[in-house]
Amino acid sequence: MPEAPRRHIDATTLRGLAHPLRVQLYDALVTFGPATATMLAGRFGESTGSTSYHLRQLAKHGFVEEDPGRGAGRERYWRAYPGGSQLDSYELAEGGSGEAASLVVGELQRAQSARLEHWLSVGYLQVPREWGQATINSTAHLRLLPDELASLGAELTAVLDAWHERVDSREPGADDARIVEVQIHTFPVAAQDVP
């Protein structure tokens, strides 16, 4: 089954995500997989009514959807839209939505940074040694032109997409697999005048 395309976030759909709790809910569904409003309420210390409302708003704007393969009766599981989402901060800023885009990007970055910080401080002590030894913490500095940076990003994304296709059918708890977060940051370094 081909992977769903990445969803382009425009100014209209951004309004559906530009709330700190909605970003957290979306990030949790992307990171940990399908969950109910009750499960997410427990994770974030919110009421089920609040998480239900925000999940419906996320669904209305196409960020999440009901997971038809899970739940029974009134128990409704939600999942992130397959394929993920992407936004162009410059496009949104030019359209007057820069503040909302900054909120979304900032919240997502805080969540990623918190998971990385947890791993580096104590997380590695909470997994068997083979898991810790299989991880990498690497930085590379390259002298690139803008089109080369874009090509690098496309190649890295293609590798991750291929791995998604390879492992997406795994069910939680079916084997020894764990959620593994891959953080790749590509950006120009601020002080580039130094040789």
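Results, tabulated for the structure shown:
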read-out	value
Matching option when the condition is out of contact with any Lys or Arg (no Cβ under 9 Å at 6 or more places or on another chain) and part of a loop (DSSP other than H, G, I, E, B), among ALA72, ALA101, ALA158	ALA72
Pair list, Cβ < 7 Å and 6+ apart or interchain, from the stretch 127-145 residues that are closer than 12 Å to VAL180 by Cα and free of Cβ contacts under 8 Å to residues at least 24 places away in the same chain to residues that are surrounded by 10 or more Cβ atoms within 10 Å (Cβ to Cβ) and aromatic (Phe, Trp, Tyr)	GLY132/TYR124
Hits in the stretch 73-132 - residues which are charged (D, E, K, R), under 20 Å from ARG7 (Cα atoms) and surrounded by 13 or more Cβ atoms within 10 Å (Cβ to Cβ)	ARG79, ASP88, GLU91, GLU107
Matching residues, the stretch 70-126, being among the acidic types (Asp, Glu) and in contact with a Ser or Thr (Cβ under 7 Å, 6 or more places away or on another chain)	GLU75
Checking LYS60 against (1) closer than 28 Å to VAL167 by Cα; (2) surrounded by fewer than 17 Cβ atoms within 10 Å (Cβ to Cβ), the condition it does not meet	(1)
Identity of the residue in the stretch 32-85, of a type in the set (Ser, Thr, Tyr) and at pLDDT below 90, that ends up nearest to the chain's Cα centre (by Cα)	SER85
Selected residue (criterion: farthest from PRO5 (Cα to Cα)) from residues of the stretch 38-68 that are assigned to a loop (DSSP other than H, G, I, E, B) and in contact with a strand residue (DSSP E or B) (Cβ under 8 Å, 6 or more places away or on another chain)	ASP67
Sole residue being out of contact with any Asp or Glu (no Cβ under 8 Å at 6 or more places or on another chain) and either acidic (Asp, Glu) or farther than 30 Å from ARG166 by Cβ (or both), chosen from GLY42, GLY71	GLY42
Single residue of ALA140, ALA174, ALA150 found to be surrounded by fewer than 10 Cβ atoms within 10 Å (Cβ to Cβ) and more than 28 Å from SER121 (Cα to Cα)	ALA174
Any hit, the stretch 13-35, residues being farther than 29 Å from GLU165 by Cα and in contact with a strand residue (DSSP E or B) (Cβ under 9 Å, 6 or more places away or on another chain)	no
Test result for ILE184, in contact with a helix residue (DSSP H, G or I) (Cβ under 8 Å, 6 or more places away or on another chain), surrounded by 10 or more Cβ atoms within 10 Å (Cβ to Cβ) and either among the aliphatic types (A, V, I, L, M) or in a helix (DSSP H, G or I) (or both)	yes
Breaking point among (1) surrounded by 15 or more Cβ atoms within 10 Å (Cβ to Cβ); (2) of a type in the set (Ser, Thr, Tyr); (3) touching a residue at least 60 places away in the same chain (Cβ under 8 Å), for THR31	(1)
Matching residues in the stretch 108-131 - criterion: being closer than 18 Å to HIS185 by Cβ and of a type in the set (Phe, Trp, Tyr)	TRP119
Residue among GLU46, GLU65 that is within 15 Å of GLY16 (Cβ to Cβ) and of a type in the set (Asp, Glu)	GLU65
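The values are calculated or read from the model by the stated rules, or taken from the named source; none is laboratory data. On a predicted model such as this, the values are computed, not experimentally measured, just so you know. Cβ: placed from backbone, ideal geometry, glycine included. Neighbour counts: every protein chain shown.
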